[in-house]
Amino acid sequence: MDLQLHNSKETITVSDAVFGLEYKESLIHQLVTAYMAAGRAGTVAQKNRSAVRGGGAKPWNQKGSGRARAGTSRSPLWRSGGITFAAQPRDYTQKLNKKMYRTGIRSMLSELNRQQRLIVVEDITVDAPKTKQMAAKLADLGVSKTLIVTETGDESLYLSARNLPYVEVTDVAGMNPVNLARYDHVVVTVGAVRAIEESLGENK
């Protein structure tokens, strides 16, 4: 299949397997969920009744005091006692093999292309790290909330975009299911398209 360059009659031929795949909604949902879950720290920790210091002795006799029976002063019912269902450190990672991940990314790119939200440009650069220059380029492209994907990292491009709301600049390696789903448009350079094809091709 062919992708047309923005504001140009030129086209580039790309792989149907990468940019012409059917939309797999359930797989994409699983992909985004797993990616976001993997980013969770999972370090929250609270003390249960066994972890709170003290409380080894029975506060009073089982019978005869007229008070409710109690076995420890560190019961969750008591002040300074343990937490009833104490949160413990855990790993939120979900299993997702590489083939599923690559297929999901290909499906997302294909759907972006079908919805005309994928904009291919020959190149995108700025003379200096100036926000005004980046804003002007985005205005020329007719986009605002957008992800810009380049073949390799461009520090000037990143610095120019970091003060613009809802604009993110990344290279092909930094492209992920969350930032592909987050923005209204995805602007990719021709070099990035070739790098994506190489990393997501059928033989991978």
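Which of the following residues is touching a residue at least 12 places away in the same chain (Cβ under 8 Å), within 38 Å of the chain's Cα centre (by Cα) and not in a loop (DSSP other than H, G, I, E, B): Arg40, Arg49, Arg106?
Matching residue, one of Arg40, Arg49, Arg106: Arg106.
Please enumerate the residues belonging to region 173-197 that are in a helix (DSSP H, G or I), of a type in the set (A, V, I, L, M) and more than 14 Å from the chain's Cα centre (by Cα).
Selection gives Val190, Ala192, Val193, Ala195, Ile196.
Let me spell it out: the conditions are (1) charged (D, E, K, R); (2) surrounded by 11 or more Cβ atoms within 10 Å (Cβ to Cβ); (3) assigned by TED's automatic domain parsing to the domain that holds Leu138; (4) over 31 Å from the mean Cα position of the chain (by Cα), and Lys9 meets all of them except one. Which number is the exception?
Failing condition for Lys9: (2).
Would you check which residues across region 138-153 are buried (at least 18 other Cβ atoms within 10 Å of the Cβ) and either more than 21 Å from Leu109 (Cβ to Cβ) or touching a Phe, Trp or Tyr at 6+ places or on another chain (Cβ under 8 Å) (or both) and list them?
If the condition is that a residue be buried (at least 18 other Cβ atoms within 10 Å of the Cβ) and either more than 21 Å from Leu109 (Cβ to Cβ) or touching a Phe, Trp or Tyr at 6+ places or on another chain (Cβ under 8 Å) (or both), then Thr146, Leu147 are the ones that fit.
From the list Ala192, Ala161, Ala136, Ala181, pick out the single residue that is more than 23 Å from Thr33 (Cβ to Cβ), touching a residue at least 40 places away in the same chain (Cβ under 8 Å) and of a type in the set (A, V, I, L, M, F, W, C).
Ala192 is the lone residue from the list that is more than 23 Å from Thr33 (Cβ to Cβ), touching a residue at least 40 places away in the same chain (Cβ under 8 Å) and of a type in the set (A, V, I, L, M, F, W, C).
If we keep just the residues of region 111-162 that are within 15 Å of Arg182 (Cα to Cα) and of a type in the set (Ser, Thr, Tyr), which is farthest from the chain's Cα centre (by Cα)?
Taking the candidates together, the pick is Ser144.
The values are calculated or read from the model by the stated rules, or taken from the named source; none is laboratory data. Just so we're clear, the structure is a prediction, and the values are computed from it rather than from any experiment. Because the Cβ atoms are built from the backbone with ideal geometry, glycine has one as well, and the counts that use them run over all protein chains shown.
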